[in-house]
Each structure stands twice: as structure tokens, then as C-alpha cells.
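Visitor: The structure follows.
Quick note: the coordinates plus some simple rules give every number you see, no bench work behind them. Predicted model, so just to flag it, every value in this text is computed and none were measured. Reconstructed Cβ throughout: ideal geometry from the backbone, glycine too, with neighbour counts over all protein chains shown.
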Amino acid sequence: MNNTNLIEFNKMYLDIITPVNIASNEKLNTTDYIYDSKNQVAYFLNPLLWHKFIYTKKLFPAYMDFINDKTKPRKILYKWLIEQGYNIEDIKEVVKYKLIAHENIDKISKDSLNDIILQTKLIDGSAYIPGSTLKGLIRTAILYDLLQKNPHLKQRLWQSLERAINGNKSYDEIKRVENNLNRLLTAEIEGTGKREYTKYDKKSIKIEYYNFMQGIKLSDAMAKTEHNNLVLLKKIDLAVKDNYIKENSLSVYRECIEPKTRFYFDMQIEKRFTQKLNINSAEDILIMIQNFFDASNELLSSAFGKDYGFLFNDTNLGNTYIGGGTGFLTKTLVAYLAPTKMKAKEFISRYLNMKFKQRVKPGIRDTKIAPRTLKATKYNGKLTLLGITKIGKV
């Protein structure tokens, strides 16, 4: 049998090195959970049972007054419950699960965790990592590898981005150029594949590309434990402003998978799709993942290493970033297309200002890197980066 027609099946693992949040489509506000600030525990409610409790105890009028009270923009459900003469023990039947919020309590607003971004979970409440998330990080690593091997193509793609932003194109138009980069890149490498038409700048451009990811199939990643260890952690931005670093503790919490949790997933490689990319095994993909991880850390540490070099110690244990709170530079290729770090910073700064419709103010310039913030949190009282994991072959 021709070797290129073989399909390789691999059992893979993913170890959580620093806390990870794969965001679901759910975000809770302060009226969706009960937070006991004294014990730093958040209680997540079953909505049906919670409303049944309210009706049964004849609390509905008081509850609606509480919800609709515009004089209290920050509504603390735990305080309201206590005012009605009830405590946590009285509602234990309506609690789905509870989580510790660790030491991340803001002294000013410690009675609330504000918004909470939930982790993607199965119906039994255990965390999992979608195969689409794994596929996204692998795809980015492969495209990074292709760029490094094709400097002329890298230069041409960068010039297309520069023309777009210097031509005063809108954010949406520049975003379309960025989205097309992946297709253009693989088209140049492969020179074959299916045809697709993409509109850009009111012109129809025919793009031929080879869908190499068709040859890499991934399952969702599951842990063997019945329930994963989850914890609530606060979002912290480490910001570079006017050549000094400032720690900004934000009023957003993430439901995170704790370190030392191991997940397993299946990876299938169909070599007739991947051979032209020099991918014939899981080991080839792992090398590409590691290379992109190293490039991301080199870029981040060049700006933040002087003051926060200790945060990068955990990178020695991992080989990829995954999930929310890992930052723009760990998920996109724009910075790695630019011929210099300065040009990358200037482009990304303008690009993000357009996206968020910001105006650059005095003292808020991107002096070292863009984005100007390093994403972090505190876990067990220790400042740490988010989303560092280790993918390997079982």
C-alpha cells in the first residue's frame, strides 16, 4: 500500500500547566449566583429550582423589586437573601455546584465577583476541551511553520496588510485581508485544491487553496476523572504604559480548570492531505506547536520579561497556549508576518484601535508591544499566566 494513503491514529494527552478557561456561551452576572464573601465561595443556582423557591416562599414581589431597583446598579443576591431571612442552608437544594474564588477578592468590592465567564462543560458538569479549539491552535502552528519556510510569501502577505491599513481601509476590510491570508498562504504552498470565491474591496477574487486541515481530525478532549477541578479566578492585565508596567485587576472572573488536570483526545492524520506540509506523524505536528509557542513567548518576554520574567518559568513545562485570556499574540499570525517587531507593533496598534474604535491618548501609547497588556491571573496567591498547557502523544 502506498504510504501516502495511510491513516495514522494517535491517542494524545493535554496537561493543564496554568489555569485554563475555554469559554462557553454563558456569562453570569451578580443576580445569577450567590457569593458568600466571608468564605469566598460562589454558589451556582439551578434557575428552575431557584424560581420555584422564590414562588414557594412568596418572595416574588420582593425579588422583582430587587431586580428592578435602578438605585442599586450592583445587585448582590446574597445580601438580598439574608435580608429576606434566609441563608445558604435554606437554598442548598437549588444549588447546582459551588466553587472557591481563592484570594482574588477586590477589597473594594469583595461582596461580589461581578461577571463570571463560565467554562465549557458537559451535561454532568465536568469540563471538556472542544476538538474545534484544539484544531484551531494546531492550524495556527502549521501556518506559522509554513511562513517560516517561505520568506518571500511572508513578505508578500505582509505587504498586502500594509497596503490595506495605509490605504485607510475600514477595520472590516482589513479583517477580510487577514482572514484571506490563511487561504492565500495554503494556495501558494499547495497550488491545488478546491476553488472558492471571496469578496474583498468590492472585487471578486478567485482563490485556489488546499484544505490541509481536512487531513487532521480531532476529538473533544476529556478527563478521566468524573469531575474536573474548577476554580474562579480574576482577570488581571499587566499593562505597559509609557515604559512602566502597571497591574490592572479587572472586574471579570473566569471559571477555570485547575493545573495538574490531564485530558485525553484522539488525533487522526490522513497523510494524503498532510504530506505536502511534511506532516506524516503526530510528532511532526508537536514540533510545529512547540515552535509557535516559543515564538510567542519570545515576543511576549521581550516586552514583559524585565519586570515579569518569572511568569514565563511555567512555559518550560508547556508547549502551547489554549483558551481565553492568553492574548492576541498567541492566537494570530499578524505579528509574525512583519519584518520587524516595531512594524508589527505599529500595525497591530492601529488595527486594534480601529477594531475597538479607540483614540490614542497621551500616556497610553504602545511603546513596547501591541497589545500593550499581558494577560494573567492569581492562583493560590501567585501571579500566573493563563492557558499554558502541554500536548503530547500517549
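Visitor: Give LYS57/LYS378; LYS121/LYS355; LYS121/LYS393 a once-over and call out the pairs whose C-alpha atoms are over 32 Å from each other.
Guide: LYS57/LYS378
Visitor: Here's a follow-up. Once you have all Cα-Cα distances for region 1-69, histogram them in 5 Å bins from zero and send the whole-percent values.
Guide: Result, from short to long distances: 3, 10, 12, 15, 13, 9, 6, 6, 6, 4, 5, 4, 3, 2, 1 percent.
Visitor: In nm, give the distance between the simple-model label positions of ASN291 and ILE123, each being 7 Å from the Cα along the Cα-to-Cβ direction.
Guide: 4.3
Visitor: For region 252-394, what is the charge dipole size about the Cα centre, in debye to the nearest 20, if Lys and Arg each add +1 at the Cβ and Asp and Glu each add -1 at the Cβ?
Guide: That gives region 252-394 a dipole magnitude of about 720 debye.
Visitor: Are there trypsin sites (Lys or Arg not before Pro) in region 1-81 that DSSP marks as loop and that have at most 10 other Cβ atoms within 10 Å, and which are they?
Guide: Answer in residue order: LYS38, LYS58, LYS70.
Visitor: On to the next question. What distance in nm separates the two pseudo spin-label positions at MET342 and ASP90, each 7 Å out from Cα along the beta-carbon direction?
Guide: With each label placed 7 Å out from Cα toward Cβ, I get 6.6 nm.
Visitor: Give the residues of region 13-35 whose amide nitrogen is closer than 18 Å to a point set 7 Å from the Cα of SER281 in the direction of its Cβ.
Guide: Zone members listed by number: 13.
Visitor: Distance from the Cα centre of region 12-27 to that of region 249-326, in angstrom?
Guide: 12
Visitor: Express in nm, to one decimal, how much length is gained between LYS75 and ASP307 on full extension, taking 0.36 nm for each residue of separation and deducting their alpha carbon distance.
Guide: Going from the current span to full extension adds 79.8 nm.
Visitor: Give the total of Lys-Lys pairs in region 253-342 with Cα-Cα distances below 29 Å; include a pair only if its members are 8 or more places apart or on different chains. Kindly include the intermediate steps, with their values, before the conclusion.
Guide: Values: LYS260/LYS306; LYS260/LYS331; LYS271/LYS331; LYS276/LYS331; LYS306/LYS331; LYS306/LYS341; LYS331/LYS341.
Lysine pairs satisfying the spacing and distance rule in region 253-342 number 7.
Visitor: Taking each pair of distinct Cα atoms in region 1-155 once, what is the resulting Kirkwood hydrodynamic radius in Å?
Guide: The answer is 19.7 Å.
Visitor: While we're looking at this one, here's another question. Tabulate in residue order the Karplus-calculated ³J(HN,Hα) for region 89-94, using 6.51 cos²θ - 1.76 cosθ + 1.60 with θ = phi - 60°, rounded to whole Hz; enter x for Gly and Pro.
Guide: 4, 6, 10, 4, 6, 9
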